[in-house]
Amino acid sequence: MSSGTLYDKVWDRHKVADLPDGRDQLFIGLHLMHEVTSPQAFGMLRERDIDVAFPERTLATTDHIIPTDPAERDRPFEDEQAETMLQALESNVEEAGIDFYGLESGKQGIAHVVGPELGATQPGQTIVCGDSHTSTHGAFGAVAMGIGTSQIRDVLATGCIAAEKMDVRRVEVTGELSDGVAPKDVILHIIGQLGVDGGVGHVYEYGGEAIEAMDMEGRLSVCNMSIEGGARAGYVNPDQTTYDYLEGRQYAPEGDEWNRLVADWETISSDPDAEYDDVVTVDADGLDPMVTWGINPGQVTGITEPIPSPDDFDGKDRKNAEDAVEHMEITPGETMEGYEVDVAFLGTCTNGRVSDFRRAAEILEGNTVDEGVRALAVPGSETVRTRCEEEGIDQIFKDAGFQWRQAGCSMCLAMNGDSLEGDEVCASSSNRNFIGRQGSKEGRTVLMSPAMVAAAAVEGEIADVRSFGGAN
Amino acid sequence: MVRSITRVTGTGIPVRGDDIDTDQIVPARFLKEITFDDMGEYAFYDARRDDEGNLNDHPFNEYHGANILVVNDNFGCGSSREHAPQALMRWGIRAIVGESFAEIFRDNCKSLGIPTVTADTDTVDRLQSFIESNPEAGIEVDIEEERVVYDGSEVGAGVDPSMKEALVEGKWDTTALMYQNLPETRKVANELPYIDAE
Ligand code: SF4
């Protein structure tokens, strides 16, 4: 059993009661909501004639089903089901008095991008959302977990969820990232090392010099993919980087109240003598830019490294590798460099933030997208889009031949019409490369950092971003 | 709001077959619905229809008003979708007797207050045959006494201890239990540094 970690301290503060089935009743400090998983929960509340208990601790936006092509965002949407879902959300939040960042707000976007950039996500909170990538918010030193429909009902009705405490694994990332290597590469490497099931039953505490050196957007990318490593949540202890990011944002308090909170945040970090259930060390020194070669995020290798052979694995991993070789049509022993791509997709809750577009723009500047490539840039939020446009980043993308879209999940899971077709290969900054994830059963996804997506778009094939001059 | 469930009485409906998965119970395409309201109509939607879309002789087309479902081995396997027990409940099912159940399905049933009780292959087969010949006959699933009573006799049934405790003591509904703690919850919330106390 862990003790003295941020996870322990935050859990204890939020625990309301022991439940008869052995789980804890845990108060939820921030409930983020989107259109796909919430309507059924509101329906169940109505059946019981219960009101939302803590509407002021809830924040809603719309992301999964939203068209990202500016020409398709007029209401009602062409897709009737998308229209129905959004209308349901709009009337539910209105009735309950929940803050909603819809299409007209100018701040709409992916919940995991919007929460942090509005300053709603803060250290020491418990955070849930009906979406598995809620782990993202752990970057601020929060305990953030994805939940299912019946738990959404619970948190709406009671402000709480019934939860089981997990073990805490410290993931110590040593070393310094080389040029061209991004936080995304670090988390892909961690998942490759620890496996896609490696984190089951655990939350990950990320620390060490490589994590401490990252800005908030980098830490968000890392925590985002905790779930891909099987961990229920992932977090980074808050520090000056965290406070500097938050100060002055919409939901961040000011003056004395701000100082009081920062003082509290200093106390909730894991103690120097905290006990962990497990500690692993991962070295980021000399790490290559990473690319996936398979059909889960753990099937990953450095861009200069050979694709492993199924013979290198046993049991289930071997079968998965065989399936990957067949689906991806790759050759073990070769590198992924030169693997042809048809689509370049930049965005999502993993890598749809301003710094991600900045890094990609450095590669794209003065270059053009290969003529065989369909290239999509989808900002994670309208705030991100606006900021990029102020900096002229959108122009670099458009000049290079990218479509410049509005905010949403888009081709990450292809619920909104943005989709792979046939066996297209997609160089993607998203977090899942499962078969069918991007909308086509034959479609093939290669996960990588934003700069690597830009490099692939230009070359028409997977390329080493370090071969582009001036790349960082 | 907390409700104790000690027994369920009514008439039976047999659905024969091992390994009936949640995709058969509710086909995946109905998962996009924004409420559970109509889920009852989607229970066994495809299994209830022939290739032309006409209703066939599936039990869910015939045993109207029945509330005790009798199934065979490994019922509710496959994806963990909560839609499956929701669909059965909204169709009218209040208890399920079977040879065995997939674990997640069983837990989902528990959280809806639907007891799942087990019996061996022969016992289940005899019960299914009895219902097929006597669709109007009364049946009782007694969770407290761990038995099924029908046709003037009783047979022993297995009830998972945690399910029994949860149902009989009215602790199966976590929403209701946590709702009862709302005053305590507000106290915890108001003590948090990031929440302004009222
Ligand atoms: S961007 Fe992708 S992973 Fe993130 S919330 Fe949307 S669909 Fe989920």
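The values are calculated or read from the model by the stated rules, or taken from the named source; none is laboratory data. The structure displayed is predicted, hence computed values, not measured ones. Positions of Cβ are generated from backbone atoms using ideal geometry, with glycine treated the same way; all protein chains shown enter the neighbour counts.
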Of everything in the range A:19-49 that's within 24 Å of B:L192 (Cβ to Cβ) and among the charged types (D, E, K, R), which residue is farthest from the other protein chains (Cβ to nearest Cβ)?
A:D24
Has the range A:152-174 got at least one residue that is within 16 Å of the ligand (Cβ to nearest atom) and outside the structural domain of A:Q250 (by the TED database)?
yes
A:V52 - would you say it is more than 16 Å from the ligand (Cβ to nearest atom) and either more than 7 Å from every other protein chain (Cβ to nearest Cβ) or within 21 Å of A:H137 (Cβ to Cβ) (or both)?
yes
Under 7 Å by Cβ, and 6 or more places apart or on different chains, what pairs join a residue from the range A:387-399 that is at negative phi with one that is of a type in the set (D, E, K, R) and crowded, with 19+ Cβ neighbours inside 10 Å?
A:C388/A:D394
Select from the range B:7-55 the residues that are β-branched (V, I, T), surrounded by 15 or more Cβ atoms within 10 Å (Cβ to Cβ) and closer than 25 Å to B:E140 by Cα and list them in ascending order.
B:V8, B:T11, B:I13, B:V15, B:I20, B:I25
Taking the criterion of being modelled with pLDDT of 95 or more, within 18 Å of A:M214 (Cβ to Cβ) and part of a strand (DSSP E or B), would at least one residue in the range A:173-181 satisfy it?
yes
Note on the range A:336-357: residues surrounded by fewer than 24 Cβ atoms within 10 Å (Cβ to Cβ) and either within 16 Å of the ligand (Cβ to nearest atom) or β-branched (V, I, T) (or both) are A:V354
What strands (runs of 3 or more DSSP E) lie completely within the range A:210-314 and have 1 or more residues being within 16 Å of the ligand (Cβ to nearest atom) and either more than 14 Å from chain B (Cβ to nearest Cβ) or of a type in the set (D, E) (or both)?
A:233-236, A:290-292
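So that you can scan it fast, the table gives a plain yes or no per residue for (1) in a strand (DSSP E or B); (2) touching a helix residue (DSSP H, G or I) at 6+ places or on another chain (Cβ under 8 Å); (3) farther than 30 Å from A:Q125 by Cβ:
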| position | (1), (2), (3) |
| --- | --- |
| B:E136 | no, no, yes |
| B:E145 | no, no, yes |
| B:V149 | yes, no, yes |
| B:E165 | no, no, yes |
| B:K171 | no, yes, no |
| B:T175 | no, yes, no |
| B:Y179 | no, yes, no |
So the check is Cβ under 6 Å with 6+ separation or different chains; which pairs have a first residue in the range A:152-176 that's more than 9 Å from chain B (Cβ to nearest Cβ) and under 19 Å from A:E35 (Cα atoms) and a second one that's assigned to a loop (DSSP other than H, G, I, E, B) and modelled with pLDDT of 95 or more?
A:V155/A:I28; A:L156/A:V52
Among the residues listed as A:D323, A:D399, A:D370, A:D394, the single one being assigned to a helix (DSSP H, G or I) and within 25 Å of A:R444 (Cβ to Cβ):
A:D323
When every residue in the range A:404-422 that is more than 18 Å from A:H112 (Cα to Cα) and free of Cβ contacts under 8 Å to residues at least 60 places away in the same chain is compared, the one farthest from the chain's Cα centre (by Cα) is A:G422
When you check B:F60 against the structure, is it aromatic (F, W, Y), touching a residue at least 24 places away in the same chain (Cβ under 8 Å), away from chain A (no Cβ under 14 Å) and touching a strand residue (DSSP E or B) at 6+ places or on another chain (Cβ under 9 Å), yes or no?
yes
Any idea which of (1) under 13 Å from the mean Cα position of the chain (by Cα); (2) within 14 Å of chain A (Cβ to nearest Cβ) is the one B:R94 doesn't satisfy?
(2)
Within the range A:330-361, how many residues turn out to be in contact (Cβ under 8 Å) with a residue 40 or more places away in the chain and in a loop (DSSP other than H, G, I, E, B)?
8
Is it true that some residue in the range A:63-73 is within 13 Å of another protein chain (Cβ to nearest Cβ), touching a Phe, Trp or Tyr at 6+ places or on another chain (Cβ under 9 Å) and β-branched (V, I, T)?
yes
Would you mention how many residues in the range B:1-54 are outside any loop (DSSP other than H, G, I, E, B) and of a type in the set (F, W, Y)?
2
Out of all the residues in the range B:23-46, which are among the small types (G, A, S) and within 14 Å of chain A (Cβ to nearest Cβ)?
B:A28, B:G40
Residues satisfying the stated conditions in the range A:182-198, i.e. assigned to a loop (DSSP other than H, G, I, E, B) and in contact with a Ser or Thr (Cβ under 8 Å, 6 or more places away or on another chain)
A:A182
Pick from the range A:363-419, criterion surrounded by fewer than 19 Cβ atoms within 10 Å (Cβ to Cβ) and within 16 Å of the ligand (Cβ to nearest atom), ranking: modelled with the highest pLDDT
A:S419
Residue satisfying condition, being touching a helix residue (DSSP H, G or I) at 6+ places or on another chain (Cβ under 7 Å), hydrophobic (A, V, I, L, M, F, W, C) and outside the structural domain of A:I303 (by the TED database), within set A:V181, A:V200, A:V222:
A:V222
Can you find even one residue in the range B:103-121 that is over 14 Å from the mean Cα position of the chain (by Cα), among the acidic types (D, E) and either more than 13 Å from every other protein chain (Cβ to nearest Cβ) or under 29 Å from B:D37 (Cα atoms) (or both)?
yes
Can you find a residue in the range A:4-18 that is more than 11 Å from chain B (Cβ to nearest Cβ), buried (at least 20 other Cβ atoms within 10 Å of the Cβ) and not in a helix (DSSP H, G or I)?
yes
Selection from the range B:61-87 of residues that are over 17 Å from B:I104 (Cβ atoms) and surrounded by fewer than 23 Cβ atoms within 10 Å (Cβ to Cβ):
B:N61, B:E62, B:Y63, B:H64, B:G65, B:N67, B:N72
Can you tell me how many residues in the range A:113-131 are away from chain B (no Cβ under 13 Å) and within 14 Å of the ligand (Cβ to nearest atom)?
7
The residue from A:D18, A:D12, A:D63 that alone is of a type in the set (D, E, K, R) and either in contact with a Cys (Cβ under 8 Å, 6 or more places away or on another chain) or within 16 Å of the ligand (Cβ to nearest atom) (or both) is A:D63
Name the single residue, out of those in the range B:157-198 being within 8 Å of chain A (Cβ to nearest Cβ) and among the aromatic types (F, W, Y), that is nearest to A:R48 (Cα to Cα).
B:Y179
Taking the condition crowded, with 20+ Cβ neighbours inside 10 Å and either at pLDDT 95 or above or among the β-branched types (V, I, T) (or both), does A:T281 pass?
no
